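Notes for the one structure printed next.
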Amino acid sequence: MENQLSNEKGNALFQKKEMKEKFELRPTSAFISASWSALFIGMVSYCIGLWNANMWLNEKGYYFTLLLFGLFSVVSVQKSVRDRQEGLPVTDAYYGISWFTTIASILLLIIGLWNADLELSEKGFYGMSFLLSLFAAVAVQKNTRDVKYIDEKNDK
């Protein structure tokens, strides 16, 4: 019985080491810059569009809150997926909530734009800049985590 526990612990450590080795490649400066640029361009474009939109202030607030909600949600998804991949504990509740809020933010944007009194080109603009921002937030979070892991490993 003791041997079996020892073997299971050894296998778990081996799998964890194997997983860590997958994350040893540092993202290139070009990819890091492109990720931050996409996040900045997506967020700023979305906000400039809101600023110049002919909407009530409460509508602008709704769309701005959706952007913040969506960005936080996708970062939570990326973090929880990565934690699980690395063997770090993530509760099923947190994992599920982060996915639920990500999907909810996208659905709320779709519902809002579907019912908005906007030109189709404006609706497409908001949808695309929103999705660009969400994707870029995931890439920025991944890059940040990869660089931190590699820097900590090299400092040892």
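The values are calculated or read from the model by the stated rules, or taken from the named source; none is laboratory data. Since we're looking at a predicted model, the values are computed, not measured. FYI the Cβ positions are ideal-geometry reconstructions off the backbone, even for glycines, and counts take in every protein chain you see.
Of the residues Ser73, Ser37, Ser121, only one is crowded, with 16+ Cβ neighbours inside 10 Å and either among the hydroxyl-bearing types (Ser, Thr, Tyr) or not in a helix (DSSP H, G or I) (or both); which? First the steps, then the outcome.
On the way: Ser37 fails: crowded, with 16+ Cβ neighbours inside 10 Å; Ser121 fails: crowded, with 16+ Cβ neighbours inside 10 Å.
Just one listed residue meets the conditions, Ser73.
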### Query
Can you name the residue in region 41-56 that is free of Cβ contacts under 8 Å to residues at least 60 places away in the same chain and under 15 Å from Leu131 (Cα atoms) and, of all such residues, is farthest from the chain's Cα centre (by Cα)?
Cys47
### Task
Kindly indicate the residue of region 105-129 that is over 20 Å from Leu39 (Cα atoms) and among the small types (Gly, Ala, Ser) and also nearest to the chain's Cα centre (by Cα) among those meeting that condition.
Gly112
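Do we have Ser80 as in a helix (DSSP H, G or I), free of Cβ contacts under 8 Å to residues at least 12 places away in the same chain, more than 27 Å from Ser29 (Cβ to Cβ) and out of contact with any Cys (no Cβ under 8 Å at 6 or more places or on another chain) here?
Values: in a helix (DSSP H, G or I): yes; free of Cβ contacts under 8 Å to residues at least 12 places away in the same chain: no; more than 27 Å from Ser29 (Cβ to Cβ): yes; out of contact with any Cys (no Cβ under 8 Å at 6 or more places or on another chain): yes.
The answer is no for Ser80.
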## Note on the structure
Restricted to region 89-134 and to residues being touching a helix residue (DSSP H, G or I) at 6+ places or on another chain (Cβ under 7 Å) and among the aromatic types (Phe, Trp, Tyr), the residue nearest to Leu68 (Cα to Cα) is Phe130
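Condition (residue is under 19 Å from Asn54 (Cα atoms), among the hydrophobic types (A, V, I, L, M, F, W, C) and loosely packed, with under 15 Cβ neighbours inside 10 Å) applied to region 86-95: is it met by at least one residue?
Step one: of region 86-95, the residues under 19 Å from Asn54 (Cα atoms) are none.
No, that holds for no residue.
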### Query
Any residue at all in region 140-151 that is modelled with pLDDT of 95 or more, over 18 Å from Thr65 (Cα atoms) and aliphatic (A, V, I, L, M)?
yes
### Query
Which of (1) touching a residue at least 12 places away in the same chain (Cβ under 8 Å); (2) farther than 29 Å from Asn54 by Cβ; (3) acidic (Asp, Glu) does Asp151 not meet, given it meets every other one?
(1)
